[in-house]
Structure formats: structure tokens, C-alpha cells
Amino acid sequence: MKTCLECNEKIIGREDKKFCSDGCRNAYNNKINKDSTNFMRNVNNKLRKNYRILCELNAEGKTKTTKTKLASKGFDFEFFTNILHTKTGNTYYFVYDQGYMALESDYYILVKKEI
């Protein structure tokens, strides 16, 4: 007789069943998939916030904004997911598919990478 991976209760039903209920299956998977440390949770929260800010300001897929405006919304320039160096020598910083590049003065160009 098999037992539930979450609560160790007897499982009734199909032979390949691993959990006694949807609640146990969800609880088990939530434990496995949660951010294991506060550091990871904080980094992921900053990435999510940066992404939301870029999406809000770059609704059209390509636009210009200022560093001041990004910073006033809480954008943290130290958190991004990847860097793209173009053949022309430009450097774009991306948070997933939303990117930005510093221009002259206080300006930034915001772009969306087509996937």
C-alpha cells in the first residue's frame, strides 16, 4: 500500500498516485519550489519590481525615459538578468525581455526583446 508523500496517509485510487489529495500535492510542491533563502527571495522581488517598472514605462516596445523617472519608481540598476553587447559597441541591460541602455545626459532608451 502506498502512502502520500506529504502527509503519509494511505492512498486510495490509481496505482501511480503519489498524493492523497490536491491539497497535499500543492503543499508538497510549494515546499519544494519555494525560494530557499531570504537572499534569493529578495533578489527575485527586486527583479520582479524592475520588470514591472520597465513594462509600465515601455508599453509600446521602445521608448525613452530618464534615470530620475526610473529611480523615482524604485528601479534598482544593480539587478538585471543579462547583458547584450551589440556589434556597434552599445550595451543593453535586460530584465528578462525588457531592456534598457544609458544614453546622453540623464536619458535611457527602453526596448523589448522579441522572443
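The values are calculated or read from the model by the stated rules, or taken from the named source; none is laboratory data. Everything numeric here is computed off the predicted structure, so don't read it as measured data. Glycine gets a Cβ as well: all are built from the backbone with ideal geometry, and neighbour counts include every protein chain shown. We work out accessible area using only protein heavy atoms, side chains counted, and drop any ligands, DNA or RNA first. Shrake-Rupley method; radii C 1.70, N 1.55, O 1.52, S 1.80 Å.
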Checklist entry - Top mean-square fluctuation among GLU60, GLU15, GLU104, Gaussian network model of the chain, C-alpha springs under 10 Å? => result GLU15
Checklist entry - On average, how much accessible surface per residue is there in the chain, in Å², for a 1.4 Å probe, leaving out ligands, DNA and RNA? => result 73
Checklist entry - For GLN98, what charge total do you get from the other residues with a beta carbon under 13 Å from its beta carbon, if Lys and Arg give +1 and Asp and Glu give -1? => result +2
Checklist entry - Helix 38-57 versus the longest principal axis of the chain: what is the Cα-based angle in degrees, 0 to 90, to the nearest 10? => result 50
Item to check | the chain - percent of accessible surface contributed by carbon and sulfur, probe 1.4 Å | outcome: 50
Item to check | Helix axis angle, 22-33 relative to the chain longest principal axis, alpha carbon, degrees | outcome: 50
Checklist entry - What trypsin sites (Lys or Arg not before Pro) does region 1-106 have in DSSP loop regions with at most 10 other beta carbons within 10 Å? => result ARG14, LYS34, LYS87
Item to check | Computed FRET value (nearest 0.05) for ALA27 with GLU78, which takes r as the C-beta separation and R₀ as 35 Å | outcome: 0.50
Checklist entry - How many angstrom separate the Cα center of region 7-26 from the Cα center of region 83-115? => result 48
Checklist entry - GLY99's amide H: which non-local residues (gap 5+, or another chain) put their own amide H closer than 5 Å, with H modeled 1.01 Å from N in plane and none for Pro or chain starts? => result VAL111, LYS112, LYS113
Item to check | Virtual paramagnetic centre 7 Å along Cα→Cβ of VAL43, amide N under 17 Å, in region 72-100 | outcome: 76-83, 94-96
Checklist entry - Under 19 Å Cα-Cα from LYS18, which lysines qualify once same-chain neighbours fewer than 8 residues away are excluded? => result LYS2, LYS10, LYS31
Next on the checklist: Less than 13 Å from a label point 7 Å out along the Cα-to-Cβ axis of GLU56: which backbone N atoms in region 74-115 qualify, by residue?
Outcome noted: 74-76
Checklist entry - Using a 1.4 angstrom probe with every protein chain in place, what is the largest-first accessible-area order of LEU103, LEU47, LEU5? => result LEU5, LEU103, LEU47
Checklist entry - Residues with beta-carbon under 10 Å from that of ASN50, excluding ASN50: net charge, scoring Lys, Arg +1 and Asp, Glu -1? => result +3
Item to check | Reach of LYS112 by Cα under 16 Å, taken over aspartates and glutamates that are not fewer than 8 positions away in the same chain | outcome: GLU56, GLU60, ASP97
